[in-house]
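> For reference, the structure I am asking about is given below.
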Amino acid sequence: MALVKRKIYQRLLFFAAFLPISGVFCFSELFFIKEPHDVTLMRKEAVILDCQAHGETAIDVQWLKNGAKVMENERVYLLYNSSLYISEVESRRGDKSDEGFYQCLAQNKYGAILSQRARLTIASISSFTIQPTSTVATEGSVARFSCKISAHPPPIITWEFNRLTLPLATERITVLPSGALQIHGVQRSDSGNYRCVATNIANRRRSTEAMLTVISAPSPRLPQRPRIIAGPQNISVSAHQSATLECMATGNPRPIISWSRADSKSIDVYHTKVLGNGNLIITDIKPQHKGVYVCRATTPGTRNFTVAVANVTVLAPPSLVEWPESLTRPRAGTARFVCQAEGFPTPQITWLKNGERVHSNGRIKMYNSKLVINQIIPEDDAIYQCQAENEQGSVLAMARLIVVMSEDRPSAPRNIRADTVSSSAILLAWDRPLYNADKVIAYSVHYMKAEGLNNEEYQIVIGNDTTRYIIDDLEPARNYTFYVVAYMPMGASRMSDHMFQHTLEDVPLRAPELSLTSRSPTDIQVSWQPLPAKLSRGRVSAYRLWYRTSTESLASQIELLAQKTQYLLENLQPDTIYLLRIAAATSVGWGEQLAWTSHRTPKASSAQVPLSPELNLEPLNCTTILVRWLLAPRNSASVQGYKLFYHEESQPESAPLQLRASDHSHTIGGLDPRKKYHVKFLAYNFLGDGYQADQTISTPGCVSVRDRLVPPPPPPHNVHAQANSSSSIFLHWGRPAFTSSQAVNYTVRCNPVGLQNASLVLYLQTNEQSLLVRDLQANTKYEFAIRLHIDQLSSPWSPVVYQSTFPKAPTLPPTSIKVTLIEENTALVSWKPPEEANLSVTHYTILYASRNEWLTGEWQVVQREGSITMALLENLKAGQFYLVKVSASNNMGDGPFSHMVELTVQTNPSSGNDPRLSRGSTSSNAFSNGFYHLDQTSMTGITVGVSIALTCIIICAFVILCRSKHRKPSGVKGRSPSASSGESPDSDDPAENTDVSVAMMSQNHFIDSKGGTNLIINSLGPVQPSAEKKSKWFSFSSHGNKSVKDVQKMRLGPTSYQPGSTVLTYNKELSVTADEPVSLHSLLGGAGDSEGSSSSDSGRFSQNDTVMTDLSSGPNSRQPSLTAEDSGGGEEEVEMHHLAQDDQSDFEVGGVC
């Protein structure tokens, strides 16, 4: 019965106290939705560093810069969503600069987490570190110029010839991204001055000029072997960037350039292309692209060639391959977190607790990638993060440790006692707890080595029916520390007091390995390494050395002190085989003797043969030994090669291995584990074999499945993943070959690479050998592993396979479009990628056109790779108004274009406006460079204002009509139908005229709902009444009729283009003939598409969209005077006509959408 109760107690303790139950408590109390990212911007610009944490309230967010807390002020402060806002970025020296690494720290009642690091960099461009130099080239040969500059972001490199921009690539001319200019087939016209131009968002810099002098080629041209004048250079490139390997060769005839890899692997044709005449570009570089690349220049039709090589190193940021899982542990328990990462350079692992670095102490240990917390206390309840970091970036993963508490837990065990039983056993005893001892179901004995750092702690669980236990797997002559913890079903006691105890010494487990060499024909130098603690099992007190010849039966014996590690045997016979062995002793006694080791003394000869090399043997694994050697410093004889002999102990010697004189190491493989081998090594020359060196070494044991107590089933094999769509991946695998007929289930583990929140790992169950994983994120790399379950046993996880989902076509346009006029005819356009998560962009398309070109749909197209976010717009015409828009594309399709951004190329940049003035997105409401950018709210206000004004005018017109009918029911003096033909109006009764006629308003008064002018604007600009289409302005004034002369003066006032205004005009119906129909399109002067259709592909847009984004007013334009155009130069008086006349009048809204 007692045995049954003990088993029940042990099982309760196993399930309640030591099994991780992270699957029950899903960690979602705190994690980041948005984290800051690296950003580069110009000085004085504003920036927002995103940080948004999700979890149980209340969440407190702090920002850190270079590890120190960010202090808020009027320029730097937190937004409502916890993001950090800097209104004007400063680049001053020292701590006052805003450049640096930023992190946000989110905290709630469960703990704190730290976000990934984001680097804020202010755009800059330095002076040229390499300037182009003048060169002389023969006509028909090649010429090359180079320049180098440090800038952030990386600049666009262009070249100028005699201060005119050269194209980036032609049949003969190539400009490499690295800054090199290559000219093939040099001509006389290529003579001149060349200079390098580097441009980024910070500035534009030009190098000094270098002259190319072209001389005549000799006739006839002599054949020349191929010669590489600019070969590839060793480069280190970040993953997913582009690498350029230059290769430029000359010769006669012109050599052919080809590329290959030194490891004989094929070059990835899908991600490589040739630029110009032989330069290799690798786009979207990946780890598989690393290696040595060989450029080969070959003379056509011959075997004459020359090569140049370069090593490509791919730098990869850290990515997690194993991350910590949240754990629930009782007080005084043990928690283990595991975190492994890959990347290049190898990432360094750091552990954080509530955002602060974890340091090792007596309870907390860090073993490489593991964090072990022993004897858990309530303060250990926290959020832990694993941070993997290298030069390319960092990644974090988090997990929570939940400590289970119990109010009526027992007190700690008392009176801990320890007695040494033997060299490997110690008896530990204790008394039961003073309180709640009846609730104890088990005890846990903890022990570890007392000396050294990061020693692993072991624990043994025993029942509650005993308070004594013998720990019998200890090492001899070691000091150990012990403590005991009492457990109840829902908790544990505090740990007991620590007890230290030392095990006894034992005889050495074996003797040291011998190394034998000869300095002369009559001596043997015997040396050995001290035994490690595991083998000595105590302090070595003495050594005993035996030696004899192979023909003798009696051996001589020498006792040596424990401090000795070498001994010289002298007065020996030349060319004689001697046998030697050694033993070590402790205070307990002598250990086991080794088998005899043989060594032949050299022959007595005056020949200058090589001396014994210094031999070093190192076991690499249980079947392999690495042999390394160095020639003796005093060796003066020449060496032609080496001979290596080796054989297993008690086995005959095998034939020697011949090694070259240039070799310094050799690997011996195919050995048996746990065996002792004898190795003999010597150098030789033409005079004979040199002095030999002998050494013995033992191979270690191999870890096999047989060493395990319960072998698990093998994992699934042949796991394959294939992308099915942008949100699903298809998995299939093979069942391992074992004979069990029981049902097999599988668990599929799925998560994005670099996942930080362990609770978001997806575990899927299936009994099939395939699975379609759905609801994944687009363009995201996932990792999958599968394990097998059979008969309550689980296999290890299969090897991880990686697969990325297909990307989605961009659904948003690029943001933050900026166009800066950097020269009279050149502009720099920059943008930021679309704000979509996991979006892959292969290239950007920039469309730009002047106003006239835009109306006809004639856009100019510039394309840039997806990693480039700026481009130069060249050959712009002065005095033109340009529109620019950008879209992002990938292999799945094209995204929408951004709003159009305006740019005015001024005729004279020095006339008061900055020619480098940058223009932002059209969504801004700011007044910039004379143009109003109207958003939807402004347009709504304009529409409402126009509607109110129209209503008021109609009401006023109705009132005037009614008053006119009451006061003058008969006709009103005014213009007769023949007035337009030049007849004078009836001027009788001026009083009547004064009562009824309303003259034009003064020059400075307008009818306008938003305070604008009286000018009608369409997509082409201002609309002025023509001679064929007369229109009359309807206005109100307190003045009487004006004379013809006054009206002429008014008509002669200047009318300028006043864009951006919304006006109400009253137009008289046009006098046209029957065969000349008048449309609204002809009235507004539109020359484009009359239907105003919009198509993103064709670059044509509706007038409505254009007018909405392009209404603006120039800062230097004058207020126009109110004019009335005459026909054929005739004078015309402007008067008000009776509203009841047959001529119908319309109200028009000029310049609205």
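The values are calculated or read from the model by the stated rules, or taken from the named source; none is laboratory data. On a predicted model such as this, the values are computed, not experimentally measured, just so you know. So basically every Cβ, Gly included, is an ideal-geometry build from the backbone, and we count neighbours across all protein chains shown. With ligands, DNA and RNA removed, areas are computed over all heavy atoms of the protein, side chains included. Shrake-Rupley method; radii C 1.70, N 1.55, O 1.52, S 1.80 Å.
> Hey, among E246, E209, which residue is of a type in the set (D, E, K, R) and in contact with a Leu (Cβ under 7 Å, 6 or more places away or on another chain)?
After ruling out the rest, the residue left standing is E246.
> What is the residue count in the range 122-149 for residues that are assigned to a strand (DSSP E or B) and open to solvent by less than 70 Å² (accessible area, probe 1.4 Å)?
12
> Continuing with the same structure: Please work out if V197 is of a type in the set (A, V, I, L, M) and either open to solvent by 60 Å² or more (accessible area, probe 1.4 Å) or within 21 Å of N277 (Cα to Cα) (or both).
Numbers: of a type in the set (A, V, I, L, M): yes; either open to solvent by 60 Å² or more (accessible area, probe 1.4 Å) or within 21 Å of N277 (Cα to Cα) (or both): no.
Spelling it out, it is not the case that V197 is of a type in the set (A, V, I, L, M) and either open to solvent by 60 Å² or more (accessible area, probe 1.4 Å) or within 21 Å of N277 (Cα to Cα) (or both).
> While we're on this one: Going by the conditions given, is I376 of a type in the set (V, I, T) and open to solvent by 10 Å² or more (accessible area, probe 1.4 Å)? Outline the logic, then answer.
On the way: of a type in the set (V, I, T): yes; open to solvent by 10 Å² or more (accessible area, probe 1.4 Å): no.
No, not satisfied.
> Same structure, new question: Looking at this structure, is T517 more than 30 Å from L630 (Cα to Cα) and of a type in the set (V, I, T)?
Here the answer is no, as T517 does not meet what is asked.
> Restricting attention to the range 403-460, and to residues there that are farther than 20 Å from I373 by Cα and acidic (D, E), which single residue is most open to solvent (accessible area, probe 1.4 Å)?
So the residue we want is E407.
> Checking P602 against (1) within 58 Å of the chain's Cα centre (by Cα); (2) surrounded by 15 or more Cβ atoms within 10 Å (Cβ to Cβ), which test does it fail?
(1)
> Does A112 fit the bill of being assigned to a strand (DSSP E or B), open to solvent by less than 20 Å² (accessible area, probe 1.4 Å), in contact (Cβ under 8 Å) with a residue 40 or more places away in the chain and over 30 Å from L320 (Cβ atoms)?
no
> For the range 312-330, name all the residues that are in contact with a Lys or Arg (Cβ under 7 Å, 6 or more places away or on another chain), open to solvent by 30 Å² or more (accessible area, probe 1.4 Å) and not in a strand (DSSP E or B).
The answer is none; no residue qualifies.
> Taking the range 419-465 on its own, how many of its residues are assigned to a strand (DSSP E or B) and not aromatic (F, W, Y)?
18
> Moving to a separate point now. Checking F344 against (1) hydrophobic (A, V, I, L, M, F, W, C); (2) under 23 Å from the mean Cα position of the chain (by Cα); (3) open to solvent by less than 20 Å² (accessible area, probe 1.4 Å); (4) within 26 Å of V801 (Cβ to Cβ), which test does it fail?
(3)
Okay, residues lined up against (1) in a loop (DSSP other than H, G, I, E, B); (2) under 22 Å from V445 (Cα atoms); (3) modelled with pLDDT under 85:
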position: R336; (1), (2), (3): no, yes, no
position: E342; (1), (2), (3): no, no, no
position: T346; (1), (2), (3): yes, no, no
position: T350; (1), (2), (3): no, no, no
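> Still on this structure: For residues that are more than 27 Å from the chain's Cα centre (by Cα) and polar (S, T, N, Q), scanning just the range 47-97, find the one that is most open to solvent (accessible area, probe 1.4 Å).
Per the criteria, the residue is T57.
> Of the residues L828, L839, L855, which single one is within 14 Å of N890 (Cα to Cα) and among the hydrophobic types (A, V, I, L, M, F, W, C)?
From the options L828, L839, L855, the qualifying one is L839.
One line per residue, one yes/no per condition, for (1) β-branched (V, I, T); (2) over 30 Å from P796 (Cβ atoms):
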position: L315; (1), (2): no, yes
position: L327; (1), (2): no, no
position: T334; (1), (2): yes, no
position: R357; (1), (2): no, yes
position: K365; (1), (2): no, no
position: A388; (1), (2): no, no
position: I402; (1), (2): yes, no
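> Restricting attention to the range 843-884, and to residues there that are open to solvent by 30 Å² or more (accessible area, probe 1.4 Å) and closer than 17 Å to P155 by Cβ, which single residue is nearest to the chain's Cα centre (by Cα)?
S867
> Can you find a residue that is modelled with pLDDT of 80 or more, open to solvent by less than 70 Å² (accessible area, probe 1.4 Å) and not acidic (D, E) anywhere in the range 909-920?
Scanning the range 909-920, I find no residue that is modelled with pLDDT of 80 or more, open to solvent by less than 70 Å² (accessible area, probe 1.4 Å) and not acidic (D, E), so the answer is no.
> Hey, another quick one. Could you please let me know if V186 is part of a loop (DSSP other than H, G, I, E, B), of a type in the set (A, V, I, L, M) and surrounded by 15 or more Cβ atoms within 10 Å (Cβ to Cβ)?
Criteria met by V186.
> Could you check the range 208-225 and list, in sequence order, the residues that are in a loop (DSSP other than H, G, I, E, B) and either without any contact (Cβ under 8 Å) to a residue 12 or more places away in the chain or open to solvent by 80 Å² or more (accessible area, probe 1.4 Å) (or both)?
Taking the range 208-225 first, the residues in a loop (DSSP other than H, G, I, E, B) are 208-209, 216-223.
If the condition is that a residue be in a loop (DSSP other than H, G, I, E, B) and either without any contact (Cβ under 8 Å) to a residue 12 or more places away in the chain or open to solvent by 80 Å² or more (accessible area, probe 1.4 Å) (or both), then P218, S219, P220, R221, L222, P223 are the ones that fit.
> Filter the range 553-585 down to residues that are more than 22 Å from R539 (Cβ to Cβ), assigned to a loop (DSSP other than H, G, I, E, B) and of a type in the set (A, V, I, L, M, F, W, C) and give me whichever is farthest from the chain's Cα centre (by Cα).
L554
> Go through the range 294-311 and report how many residues are open to solvent by 40 Å² or more (accessible area, probe 1.4 Å) and not in a strand (DSSP E or B).
Residues meeting the conditions: 5.
> If F645 satisfies every condition in (1) surrounded by fewer than 16 Cβ atoms within 10 Å (Cβ to Cβ); (2) touching a residue at least 12 places away in the same chain (Cβ under 8 Å) but one, which is the exception?
All conditions pass for F645, except number (1).
> Follow-up question, since we're still on this one. Collect the residues in the range 519-533 that are farther than 12 Å from T565 by Cα, of a type outside the set (A, V, I, L, M, F, W, C) and open to solvent by 40 Å² or more (accessible area, probe 1.4 Å), keeping them in residue-number order.
R519, T522, P532 - these are the residues of the range 519-533 that are farther than 12 Å from T565 by Cα, of a type outside the set (A, V, I, L, M, F, W, C) and open to solvent by 40 Å² or more (accessible area, probe 1.4 Å).
> Across the range 98-109, which residue is farthest from R357 (Cα to Cα) among those that are open to solvent by 70 Å² or more (accessible area, probe 1.4 Å) and outside any strand (DSSP E or B)?
Filtering first and then ranking leaves E99.
> Continuing with this model, one more query. Which of the residues spanning the range 797-830 are assigned to a loop (DSSP other than H, G, I, E, B), in contact with a Lys or Arg (Cβ under 7 Å, 6 or more places away or on another chain) and open to solvent by 60 Å² or more (accessible area, probe 1.4 Å)?
W797
Residues are listed down the side, and each one gets a yes or a no for (1) under 26 Å from V679 (Cα atoms); (2) surrounded by 16 or more Cβ atoms within 10 Å (Cβ to Cβ); (3) touching a Ser or Thr at 6+ places or on another chain (Cβ under 8 Å):
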residue: P512; (1), (2), (3): yes, yes, no
residue: T517; (1), (2), (3): yes, yes, yes
residue: L535; (1), (2), (3): yes, no, no
residue: Y543; (1), (2), (3): yes, yes, no
residue: E552; (1), (2), (3): yes, no, no
residue: S556; (1), (2), (3): yes, no, no
residue: Q566; (1), (2), (3): yes, no, yes
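> Looking at the structure I just gave you, is R634 closer than 23 Å to S527 by Cα, modelled with pLDDT of 85 or more, more than 46 Å from the chain's Cα centre (by Cα) and open to solvent by 70 Å² or more (accessible area, probe 1.4 Å)?
Considered against the rule, which asks whether it is closer than 23 Å to S527 by Cα, modelled with pLDDT of 85 or more, more than 46 Å from the chain's Cα centre (by Cα) and open to solvent by 70 Å² or more (accessible area, probe 1.4 Å), R634 comes out as no.
> Now for a separate question. Filtering the range 764-803 down to residues that are at pLDDT below 85 and at positive phi, which residue is farthest from the chain's Cα centre (by Cα)?
D791
> Among the residues of the range 605-624 satisfying the criterion of being among the hydroxyl-bearing types (S, T, Y) and open to solvent by less than 70 Å² (accessible area, probe 1.4 Å), which is modelled with the highest pLDDT? First the steps, then the outcome.
Here is the first cut: in the range 605-624, the residues among the hydroxyl-bearing types (S, T, Y) are 605-606, 612, 623-624.
Retained after the next criterion (residues that are open to solvent by less than 70 Å² (accessible area, probe 1.4 Å)): 612, 623-624.
Numbers: S612: 84, T623: 79, T624: 81.
It comes out as S612.
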